[in-house]
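A quick write-up on the structure given underneath.
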Amino acid sequence: MFVSRRARDKRILPPAATGDTDARNYGPAATSQVLNLLPVPAAVIELRDDRLVFESVNRPFRLAGLGTTADQSPLIDKLGQQIAALINSEATERELDWELGDAVDCRHFRVRIARRSTEKSSRRCMVTLIDRTAELRTEQSLRREMLSDSLTGLPNRAGFGERLEADVEQAGIAQFAVLVINLDRFSRINACMGALSGDELLISVARRIKGALRGHDILARVGGDEFAIQLALDEGPNDALHVAKRIRNALTTPFRLSDFEIRVDCSIGIAVGGEAIVDCEELIRHAQFAMKRAKKTGRTEIYQTRAFDLARQEFSIETGLRRAIDNGALCLAFQPICDLATGRITSFEALARWTTEQGVALSPTEFIPVAEESGLIVPLGRWAMDEAARTLAAWDAAAGGDCGVNVAVNLSAIQLQRDQIPPMIEAAVARHGVEGRRFTLELTESALVADPDRIARTMQALRDLGATLAMDDFGTGYSNLAYLQKLPIDVLKIDRSFVSGMLADRDKIAIVRAILSLAQALNMRTTAEGVETNELAQTLAALGCSYGQGFLYARPLAPDDAYRLLSERNA
């Protein structure tokens, strides 16, 4: 005979479980039978004369060690007040979390206290417990993995920040400093000796740094070769400097890797908490910024607001310069280069000029380094070459033919490394209908040192276009006579630092005379920068210098003014 599921359930379960009859009509045995059908610990608890007693508990409840009598039950001991409060209130249910045991074998339960909505006046309730211990331990384990570095076992970037925030919240940010340590040469070691040796080195470094710290300092690995330390300033900011010194001393002994002994130096940046620090993340950023400065200076650096402000200013310049290049908001100025013997203008040097949207005229010494660091020097250099060719073509058109001068354009070392210079120049001169021989391309000594073989090929390609090649600021860089002999250099430009005040300084005269003798021996012409007086120009001419450039002849001029000066002086 067919029996419906609901009928089967009613036949199996007592009325108290199905809700068909009030459970109060059944005794503890019937209630216990209902509870034993539940897979989780459960108990029916009654409030009698202001005392809680167990009316019935199921087998999982007893196996969980939750007691069988109210006097012995940890549940009643810890949650008795909450259970009694629910029974005495109009509420029908409540849920809460409860921990049973000590830290080692602690168990976590989700406790639900409930009674029937039709029994609000009843003096009993049912308590069920869901064991969430395994779930929470898995969650804690995953969280530990997320906040720890798998190689060293130290806190990672997220774990370090979280720990710092927790401690700062208790003691205040002024009580802490952050050190950021970057290992010098690590990438080279890793590339040459392999990742396993690199990992071994990182573990060894972490151990040594840990040994140099105080007991309550916290070490973390926040990057591939970067560590961070949270320091409590027990005796003020000097604590950070003392710890930094101990770390450097700890790393002085070479590390043994395979058959090699390798010394690893480091760059250390320090940021000290204070009222001006908004949050922990800012404190860490300041320490990283100081570490970047330490890589340049070679000494431990403490974060300075002015240095950070200068860096922010550079980012502002980069943003404005990028927009200026895109919008064509830059211009070229032209400074004449004259033959010292005749006074005639032989060429003009093209110099970039930029006035920001706020109307501030920035010097090239301010925005050219930013352009080189950000990579904007490539589009800036392309624009300068094209604009110089366009201007020279306009002068030729105004003169009714060759106007009689060349234009000198500066090539940055970064530009030479990242751009294809010969095709770029060839395209610019072809676009504006001028010849390559009408241009002088000025390179610095640093450009030659960076990649001499590649630069030699580039310079030969430029010579094939007919361009003149000049070495700018000669004597201030890494002068190498072998480069001068091998590379196709036509002109040496003597830096203004040797020319200015030369007449009153015998040493400067000696240096200039030596450069002129060298250029003559190598069959090169010379241009002196910084010529400001007739007496200086005459002395340079007497010493054998070919050309002069400076305020004696003119300051950098707009294209129309430069052409007007050319017409007047060379008429």
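In this structure, ARG185 qualifies as on the phi > 0 side of the Ramachandran plot and surrounded by fewer than 17 Cβ atoms within 10 Å (Cβ to Cβ). Does ARG463 fit the bill of being under 27 Å from VAL429 (Cα atoms), of a type in the set (Lys, Arg), part of a helix (DSSP H, G or I) and open to solvent by 20 Å² or more (accessible area, probe 1.4 Å)? The answer is yes for ARG463. Here ALA388, ALA311 are screened, and the one residue that is on the phi < 0 side of the Ramachandran plot and modelled with pLDDT of 90 or more is ALA388. Only one of the numbered conditions (1) touching a helix residue (DSSP H, G or I) at 6+ places or on another chain (Cβ under 9 Å); (2) touching a residue at least 12 places away in the same chain (Cβ under 8 Å); (3) not basic (Lys, Arg) is violated by GLU442, and that is (1). For GLY359, the conditions (1) surrounded by 14 or more Cβ atoms within 10 Å (Cβ to Cβ); (2) more than 18 Å from LEU557 (Cα to Cα) are fulfilled apart from (1). A search for C-beta distances below 8 Å between a residue of the range 491-517 that is of a type in the set (Gly, Ala, Ser) and any residue that is open to solvent by 60 Å² or more (accessible area, probe 1.4 Å), counting only pairs 6+ apart in sequence or on different chains, returns SER497/THR476; SER500/GLU532. Just one of the listed residues (VAL111, VAL40) is aliphatic (A, V, I, L, M), modelled with pLDDT of 85 or more, surrounded by 15 or more Cβ atoms within 10 Å (Cβ to Cβ) and assigned to a strand (DSSP E or B), namely VAL111.
Of everything in the range 359-383, what is of a type in the set (S, T, N, Q) and over 27 Å from the mean Cα position of the chain (by Cα)? Give them in sequence order. The answer is SER363, and nothing else. Residues of the range 152-182 that are crowded, with 19+ Cβ neighbours inside 10 Å and within 13 Å of ASP279 (Cα to Cα): GLY161, LEU164, VAL168, ILE173, PHE176, ALA177, VAL178.
For every residue, the table says whether it meets (1) of a type in the set (Phe, Trp, Tyr); (2) closer than 23 Å to PHE334 by Cβ; (3) in contact with a strand residue (DSSP E or B) (Cβ under 9 Å, 6 or more places away or on another chain).
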site: PRO364; (1), (2), (3): no, yes, yes
site: ILE368; (1), (2), (3): no, yes, yes
site: GLU373; (1), (2), (3): no, no, no
site: PRO379; (1), (2), (3): no, yes, no
site: ALA399; (1), (2), (3): no, yes, no
site: VAL405; (1), (2), (3): no, yes, yes
site: ALA408; (1), (2), (3): no, yes, yes
site: MET424; (1), (2), (3): no, yes, no
site: ASP464; (1), (2), (3): no, no, no
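For the range 376-391, the condition holds for at least one residue, the condition being that it is under 17 Å from LEU443 (Cβ atoms) and open to solvent by 50 Å² or more (accessible area, probe 1.4 Å). Select from the range 83-108 the residues that are under 55 Å from the mean Cα position of the chain (by Cα), in contact (Cβ under 8 Å) with a residue 12 or more places away in the chain and over 13 Å from MET126 (Cα atoms) and write down the one among them that is most open to solvent (accessible area, probe 1.4 Å). By that ranking, first place goes to ASP97. Residue check: GLY224 meets all listed conditions (1) modelled with pLDDT of 90 or more; (2) within 25 Å of CYS280 (Cα to Cα) but one, namely (1). Can you say whether THR444 is open to solvent by 20 Å² or more (accessible area, probe 1.4 Å) and farther than 27 Å from ASN327 by Cβ, as far as the supplied structure shows? Yes. Taking the criterion of being part of a loop (DSSP other than H, G, I, E, B) and either open to solvent by 40 Å² or more (accessible area, probe 1.4 Å) or modelled with pLDDT of 90 or more (or both), the residues of the range 129-151 that qualify are ARG132, SER150, LEU151. All conditions but one from (1) at pLDDT below 85; (2) part of a loop (DSSP other than H, G, I, E, B); (3) closer than 30 Å to ARG208 by Cβ apply to ASP71; the one that does not is (3). Please verify whether the range 272-281 includes one or more residues that are β-branched (Val, Ile, Thr), within 30 Å of GLY215 (Cβ to Cβ) and assigned to a helix (DSSP H, G or I). Looking for residues that are β-branched (Val, Ile, Thr), within 30 Å of GLY215 (Cβ to Cβ) and assigned to a helix (DSSP H, G or I), one finds none in the range 272-281, hence no. Scanning the range 408-421 for residues that are crowded, with 17+ Cβ neighbours inside 10 Å and closer than 13 Å to GLY381 by Cβ yields VAL409, ASN410, LEU411, SER412, ALA413, ILE414, GLN415, LEU416, ASP419, ILE421. Only one of the listed residues (ALA361, ALA333, ALA350, ALA384) is touching a Pro at 6+ places or on another chain (Cβ under 6 Å) and within 26 Å of SER316 (Cα to Cα). That residue is ALA333.
Kindly indicate the residue of the range 66-82 that is open to solvent by 30 Å² or more (accessible area, probe 1.4 Å) and without any contact (Cβ under 8 Å) to a residue 24 or more places away in the chain and also nearest to HIS108 (Cα to Cα) among those meeting that condition. Looking at the filtered set, the residue picked out is LYS78.
Just one of the listed residues (GLU235, GLU261, GLU318) is open to solvent by 20 Å² or more (accessible area, probe 1.4 Å) and either assigned to a helix (DSSP H, G or I) or of a type in the set (S, T, N, Q) (or both), namely GLU318. Give just the number: which of (1) among the aliphatic types (A, V, I, L, M); (2) touching a strand residue (DSSP E or B) at 6+ places or on another chain (Cβ under 7 Å); (3) closer than 21 Å to ILE284 by Cα does ILE189 not satisfy? So the condition that ILE189 fails would be (3).
Against the test of being acidic (Asp, Glu) and in contact (Cβ under 8 Å) with a residue 24 or more places away in the chain, the options ASP265, ASP259 yield a single qualifying residue, ASP265.
Taken over the range 500-552, residues that are touching an Asp or Glu at 6+ places or on another chain (Cβ under 9 Å), assigned to a loop (DSSP other than H, G, I, E, B) and open to solvent by less than 40 Å² (accessible area, probe 1.4 Å) amount to 4.
The sole residue among ALA467, ALA558, ALA541 that is under 42 Å from the mean Cα position of the chain (by Cα), at pLDDT 90 or above and over 21 Å from LEU411 (Cβ atoms) is ALA558. Out of the range 238-253, which residues are open to solvent by 20 Å² or more (accessible area, probe 1.4 Å), assigned to a helix (DSSP H, G or I) and not charged (D, E, K, R)? Passing the criteria: ASN238, LEU241, HIS242, ASN249, ALA250.
The values are calculated or read from the model by the stated rules, or taken from the named source; none is laboratory data. Please read all numbers here as calculations on a predicted model, not as lab measurements. As a convention, Cβ positions derive from the backbone with ideal geometry for all residues, glycine included, and neighbour counts pool all protein chains shown. Protein only, heavy atoms only, side chains kept; ligands, DNA and RNA dropped before computing areas. Shrake-Rupley method; radii C 1.70, N 1.55, O 1.52, S 1.80 Å.
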